[in-house]
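> The structure follows.
The values are calculated or read from the model by the stated rules, or taken from the named source; none is laboratory data. Just so we're clear, the structure is a prediction, and the values are computed from it rather than from any experiment. For neighbour counting, all protein chains shown are included, and Cβ atoms are generated from backbone atoms with ideal geometry for every residue, glycine included.
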Amino acid sequence: MELDKTRRFLRHLFRSYYLENRVLLPKDFHMREFAYQPWDSDTYKRHLSFKTVNEVQRLLSTVAPRHFYYSSAKYEYPDEPDMDKKGWLGADLIFDIDADHLPVCQNKTIELTTSNGEKIDLIDEECVRYAAFEALKLYDALVYELGIPKHNIKIEFSGNRGFHVTVYLDVDDVWAKASSVERREIVNYLKAVDLLDETLNPPINVKRKKRVMHIAPTIAMGGLRGRLGRIAVLLAEKKYGNKDLARVLSRNEIISWNQLKNRFGDIVENIFNDAKEELAIHVDEQVTVDIKRLIRVPYSLHGKTGLRVEPVDPQKLDSFQLSPELSPFQRYDKIAVVALVDTPPISILGLRIKLRKGESYRLPAPQAVYLMARGLVAVK
Amino acid sequence: MILLTTTANVIDYYWYPFVVDLETFIRLRYGVENFALLLESRKDILEHAVERIKDALEHGEVRTEPQVVELAVCGYHAARLLIASLGDRWLASRYALAEAERSYKRLQNEEPRTIEALAKILGVNLTYLAEPYREPIAIVNNVVIYRQYEYRIHFLDYVKVAQRLLGDPTWRPTNLPVKQGYIYLTKKQITRILKEAIATHIERSIIGFRIELAALPQTVKEYVETVKGLLSKYRKPKVVKTGGKKYSIKLPEGVVLVEAFPPCMKDIYDALLRGENLSHHQRFAIATFMLNIGATIDQVVDLFRNVPDFNEKITRYQVEHLAGLRGSQKKYLTYGCEKMRTLGLCRGDCGVKNPIVAYYKNASKLIRRSKEKEASS
């Protein structure tokens, strides 16, 4: 495939990035399969394996791939092309949260057709914040419900419109050995599939005359009750800005609904209603159940956006937003481009623009690269 | 009774004969190595084994109560041997469930140490909590009321063992107290889970029982025949329900009646035999259809041999994927009639919603007709 000028330009930019920056590799990277997609082909180059970090960097700075991945699985022979002979040893637990799969973000996409007829959709950039909240809920559930040590969990912005949450595991960890069937049950649990009302409101049989007071969920309770309690704390603090209520709810004290409502009023009901809506954690089932999945390498570049796959501290998830800072080309000079299509007003990394086919624009490098990678503009 | 394991004083073999290692038992008890040879001179054991199997077929529960522990243990293992010789998966599974049902009756009244010991043998990693885990439920007369859980099991162990129960929402982890990687359960719940583990354990031990039918003593072979007779008497034919009507037919695995194919599938099938190059949808439709009516992987792969781009390795991989043996481990359903219609693959109105139902409907007609012919001639 003959590369057009725009792709050659992008490859040049990616190469300059990889010449100066290192990707982040887990300690056991030599047991993983690596794969990349070059700029001049639609197929992946798979079954690569590396012994040293320098070998990886050499590939990146010479090929400057459009996409770069490693496997969630660890193998005896990571470079063996026959999947049956690879010698699967175990796989990390991986979760993909994609903003356009979130119920709140349905119908918040703009569909566009690129110059070569490919259909793409741009999502409302606000939706990435919902995805960040989803990742935060997931992080809490992994820690408190599934007992995963905090230091094993890594969260990354995917480079496009969501987050990857990886639980790094030694191959002999019980979670690493979980089969697809078992991983599907983890997903079902996180998604709160088939949740019964009695789980959140346990029925109680007592003789009449006794005074029964129902209690609010606390953060220390098991299963979905505990999750409800923790989400209520998050909402009280971050969405409703009620620090007092958040403090009371996170105290892990058994407290009746009546007491809570007497003290804080209607907000209690609002928060818990919202929390109930947030109980399901929307992860992509297909990704988690696949025990041989390829995932983007942290600090590699996403070929459809030109953004870095960026590790995010769980504490900072709630302030995460799409911005030019996620682009390694932020300090580059403005780039002159020509629009290949007409678009309605769109927001790209916080910049509002409207493209007219055939017209020229001088755009900040992050946005110019983003639009070029998406096939909406060409370099001039 | 001979003590075979350190658990012998904790686990009563009479109720849990599957924990006894057969080879060790007969060597210590009778001084022999070959169980089949022993059975030749012990018709009482074979008779008891048949009783157990008959109970399984008739009641779905082993009810017979032998006089001595020895008979229970040997009878159970003899039943395993007879079923394994027949090689019938359905019977293996039915028997396993019936034995589990019997053990379960006793299990519900066992002490924690017995439950823990049994679980260990079954490979289920659970812990009895001397101090139960408590979940607050409500406040009654100013006192907090708790629900107590005496056992805990790792999340992954739970979903492995409870797999068959998960269709029922009350058994989903979603509705259980999950904390720090463990699921907390009451005694009642844990015994129900162990019943599952027992059934799985027994089923596997039957399937894994390697037997050379030819090498069995004549007496034992006769009992295999007896079990075969019982099986054909009790086994319910496969029933497919559609629109209130029942089409009851019985087809063993690997038997495919091409004459009963609905027109859409017959078309694709013929095209395949002619070696035509088919679309992805056509290939998907016929492969999933065949797999869902009981064709083996080999049969489906063979069918694709004539297509121009045939590659055995790739085809096998893909068929295994569709059969749920690979990848997401989900067995794929075939397209419904509605989807076939939108793909332009439907060839007529069969009055059903799915090609598989049409197949069984046709097949049951075919079988009935051939039976009538048989009767009249």
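Table: residues versus (1) within 23 Å of the chain's Cα centre (by Cα); (2) outside the structural domain of residue B:37 (by TED's automatic domain parsing); (3) surrounded by fewer than 17 Cβ atoms within 10 Å (Cβ to Cβ).
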{"position": "B:156", "(1), (2), (3)": "yes, yes, no"}
{"position": "B:175", "(1), (2), (3)": "no, yes, no"}
{"position": "B:216", "(1), (2), (3)": "no, no, no"}
{"position": "B:227", "(1), (2), (3)": "yes, no, no"}
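> With among the polar types (S, T, N, Q) and either free of Cβ contacts under 8 Å to residues at least 24 places away in the same chain or not assigned by TED's automatic domain parsing to the domain that holds residue B:254 (or both) as the only criterion, which of B:306, B:311, B:292 stands out?
Criteria check complete, one pass: B:311.
> Report, by residue number, each residue of the range B:265-304 that is surrounded by fewer than 16 Cβ atoms within 10 Å (Cβ to Cβ) and acidic (Asp, Glu).
Result: B:270, B:276, B:298, B:302.
> Does residue B:158 meet the test of being at negative phi and in a helix (DSSP H, G or I)?
When the stated conditions are applied, residue B:158 passes them.
> Same structure again: Could you please find all residues in the range A:134-169 being more than 14 Å from every other protein chain (Cβ to nearest Cβ) and either among the aromatic types (Phe, Trp, Tyr) or assigned to a strand (DSSP E or B) (or both)?
Residues satisfying the conditions are A:139, A:154, A:155, A:156, A:157, A:162, A:163, A:164, A:165, A:166, A:168.
> Any residue that is within 26 Å of residue A:235 (Cα to Cα), within 14 Å of another protein chain (Cβ to nearest Cβ) and not charged (D, E, K, R) - is there at least one of those in the range A:101-114?
So far as the range A:101-114 goes, no, none of its residues is within 26 Å of residue A:235 (Cα to Cα), within 14 Å of another protein chain (Cβ to nearest Cβ) and not charged (D, E, K, R).
> Given the criterion crowded, with 21+ Cβ neighbours inside 10 Å, of a type outside the set (Val, Ile, Thr) and outside the structural domain of residue B:226 (by TED's automatic domain parsing), identify the matching residue among B:118, B:46, B:81, B:91.
Working: B:46 fails: outside the structural domain of residue B:226 (by TED's automatic domain parsing); B:81 fails: outside the structural domain of residue B:226 (by TED's automatic domain parsing); B:91 fails: outside the structural domain of residue B:226 (by TED's automatic domain parsing).
Just one listed residue meets the conditions, B:118.
> With B:149, B:128 as the choices, which residue is assigned to a strand (DSSP E or B), crowded, with 20+ Cβ neighbours inside 10 Å and not assigned by TED's automatic domain parsing to the domain that holds residue B:211? Spell out how you get there, then give the answer.
Values: B:128 fails: crowded, with 20+ Cβ neighbours inside 10 Å.
Sole residue among the options that is assigned to a strand (DSSP E or B), crowded, with 20+ Cβ neighbours inside 10 Å and not assigned by TED's automatic domain parsing to the domain that holds residue B:211: B:149.
> From B:78, B:72, which residue is among the small types (Gly, Ala, Ser) and under 20 Å from residue B:121 (Cα atoms)?
B:72
> Okay, moving on. Which residues, counting only those in the range B:282-306, are in a helix (DSSP H, G or I) and β-branched (Val, Ile, Thr)?
Correct list: B:286, B:288, B:297, B:300, B:301.
To keep it simple, each residue is scored yes or no on (1) in a helix (DSSP H, G or I); (2) of a type in the set (Val, Ile, Thr); (3) without any contact (Cβ under 8 Å) to a residue 12 or more places away in the chain.
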position	(1), (2), (3)
B:13	no, no, no
B:46	yes, no, no
B:49	yes, no, no
B:53	yes, yes, no
B:62	no, yes, no
B:66	no, no, no
B:84	yes, no, no
B:92	yes, no, no
B:99	yes, no, no
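> Of the conditions (1) within 14 Å of chain B (Cβ to nearest Cβ); (2) basic (Lys, Arg); (3) under 22 Å from the mean Cα position of the chain (by Cα), residue A:225 satisfies every one except a single condition; which number is it?
Of everything listed in (1) within 14 Å of chain B (Cβ to nearest Cβ); (2) basic (Lys, Arg); (3) under 22 Å from the mean Cα position of the chain (by Cα), residue A:225 misses just condition (3).
> Another question, if that's okay. Is there a residue in the range A:331-350 that is touching a residue at least 24 places away in the same chain (Cβ under 8 Å), surrounded by fewer than 19 Cβ atoms within 10 Å (Cβ to Cβ), touching a helix residue (DSSP H, G or I) at 6+ places or on another chain (Cβ under 7 Å) and under 26 Å from residue A:25 (Cβ atoms)?
no
> Then there's this: Mind telling me which of the residues A:233, A:283 ends up being closer than 25 Å to residue B:145 by Cβ, more than 14 Å from chain B (Cβ to nearest Cβ) and either within 29 Å of the chain's Cα centre (by Cα) or among the acidic types (Asp, Glu) (or both)?
That would be A:233, the only listed residue that is closer than 25 Å to residue B:145 by Cβ, more than 14 Å from chain B (Cβ to nearest Cβ) and either within 29 Å of the chain's Cα centre (by Cα) or among the acidic types (Asp, Glu) (or both).
> Let me ask something additional. Quick one: is residue A:319 surrounded by fewer than 19 Cβ atoms within 10 Å (Cβ to Cβ) and over 15 Å from the mean Cα position of the chain (by Cα)?
So residue A:319 fails the test.
> Search the range A:187-214 for residues being hydrophobic (A, V, I, L, M, F, W, C) and in contact with a helix residue (DSSP H, G or I) (Cβ under 7 Å, 6 or more places away or on another chain), and hand back the single one that is farthest from residue B:175 (Cα to Cα).
A:213
> Okay, next question. Which ones in the range A:275-298 are acidic (Asp, Glu) and touching a residue at least 40 places away in the same chain (Cβ under 8 Å)?
A:278, A:284, A:285, A:290
> Next up: Only residues that are closer than 24 Å to residue A:279 by Cβ and at the interface with chain B (Cβ under 10 Å from one of its Cβ atoms): list them for the range A:170-191, please. Break it down into steps so the answer makes sense when it comes.
Going residue by residue through the range A:170-191, those that are closer than 24 Å to residue A:279 by Cβ are A:175, A:178, A:181-191.
If the condition is that a residue be closer than 24 Å to residue A:279 by Cβ and at the interface with chain B (Cβ under 10 Å from one of its Cβ atoms), then A:175, A:178, A:181, A:182, A:183, A:184, A:185, A:186, A:188, A:189, A:190, A:191 are the ones that fit.
> So, one more: Any residue in the range B:167-192 that is farther than 15 Å from residue B:148 by Cβ and facing another protein chain (nearest Cβ under 9 Å) sitting within a Cβ distance under 6 Å of a residue that is hydroxyl-bearing (Ser, Thr, Tyr) and crowded, with 22+ Cβ neighbours inside 10 Å? List the pairs, counting only those 6 or more apart or interchain.
Listed pairs, sorted by first residue: B:173/A:189; B:174/A:189.
> I'd like the full set of residues that are in a strand (DSSP E or B) and facing chain A (nearest Cβ under 7 Å), limited to the range B:135-146.
Of everything in the range B:135-146, those that are in a strand (DSSP E or B) and facing chain A (nearest Cβ under 7 Å) turn out to be B:135, B:136, B:137, B:138, B:139, B:140, B:144, B:145.
> Please find, within the range B:193-229, the residue that is nearest to the other protein chains (Cβ to nearest Cβ) out of those that are more than 30 Å from residue A:175 (Cβ to Cβ), outside any loop (DSSP other than H, G, I, E, B) and among the basic types (Lys, Arg).
B:228
> Return only the number of the condition from (1) without any contact (Cβ under 8 Å) to a residue 60 or more places away in the chain; (2) under 16 Å from the mean Cα position of the chain (by Cα) that residue B:232 does not satisfy.
So residue B:232 meets the others, but not (2).
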